[in-house]
Structures are given as C-alpha cells and as structure tokens.
Amino acid sequence: MLDFSTNTGGKIAHIGGAILGFIYTSQFRKGKDIGKWINRLIYQVVTLLKPREKMKVTHKKSTTDYEYNEKKAQEQEEINRILDKISKGGYESLTKDEKETLFKASNK
C-alpha cells in the first residue's frame, strides 16, 4: 500500500498522471484526440509573436458574359487557325508559341 505520510503531493500527482495517461490512450485508440485543444493552444502561443507576412488585397473586376464569350470565341478562332495550318503544312510548320497554345487547349 502507498504511504501518504511523506511526499503526499508527489504521489497524488503521479497517480493522477497515470490515470490521465490511461484515459488519453484509451480515447486515442477509439479515434478521439482529447489533447487536440492543448496542441492548438500551444500553436497559438508560439505563433502569437511571430511576424506575419503582409497581405495585399486587390479587387479584380469580374468579366461580363459578353466579355467571357468574346474571349472564348477568340481562343477558338486561334485554335482553328492552328489546326488549319497543321492540315496544310503539318505539325512541324507550327511555331513554338502555336504548339504551346495547342497543348494548353488540349489540356482543358
């Protein structure tokens, strides 16, 4: 049996730690991480004084349906022109930029 007449606080702390360790392990095996909150707290304390990167916020004007359709039509015209060039002179007649344009269009 335990003698609590000397170093009572230390013995109680060890027993409490053993019980908490048992509970933590049994819950962790069930897929519940009951210590997740302490990890978040430590992370927040550690990153509290860490200098943050300045974020630049910009607003982009959204395109209208007309602008979007116009852009798609121009892209399709370019693809058709490249395909016509292939049918007349073969793939080797294309420039590097035309090959890149065709490759990008084929990946969409």
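How would the stretch 9-48 be classified by its alpha-carbon gyration tensor: rounded, prolate or oblate, with rounded meaning a/c under 1.5 and the a/b versus b/c comparison settling the rest?
Note, shape of the stretch 9-48 comes out oblate.
Could you go through the stretch 42-48 in sequence order and give the Karplus-derived ³J(HN,Hα) for each residue, using 6.51 cos²θ - 1.76 cosθ + 1.60 with θ = phi - 60°, rounded to whole Hz, and x for Gly and Pro?
4, 4, 5, 5, 5, 8, 4
Only helical DSSP H runs with n ≥ 4 go in: add -39500 (n - 2.57) per run for the chain, normalise by residue count and round the 222 nm mean residue ellipticity to 500 deg cm²/dmol.
The per-residue figure over the chain is -22000 deg cm²/dmol.
By a straight-distance test (C-alpha under 28 Å), which lysines pair with Lys85 as possible cross-link partners, with residues fewer than eight away in the same chain excluded?
Candidates past the 8-residue exclusion: Lys71, Lys72, Lys96, Lys99, Lys104, Lys108.
Can you tell me which lysines have their Cα less than 26 Å from the Cα of Lys50? Leave out same-chain residues fewer than eight positions away.
Lys50 reaches Lys36.
If N is the number of residues in the stretch 65-106, what value comes out of its Cα radius of gyration divided by 2.2 N^0.38 Å?
Normalised Rg, Cα atoms only: 1.26.
Please determine, in degrees from 0 to 90 and to the nearest 10, the orientation of helix 65-89 with respect to the longest principal axis defined by the Cα atoms of the chain, where the helix direction is its Cα long axis.
60 degrees
Values quoted throughout were computed directly from the atomic coordinates according to the rules given, and no laboratory measurement underlies them. Not measured: the values here are computed from a predicted model.
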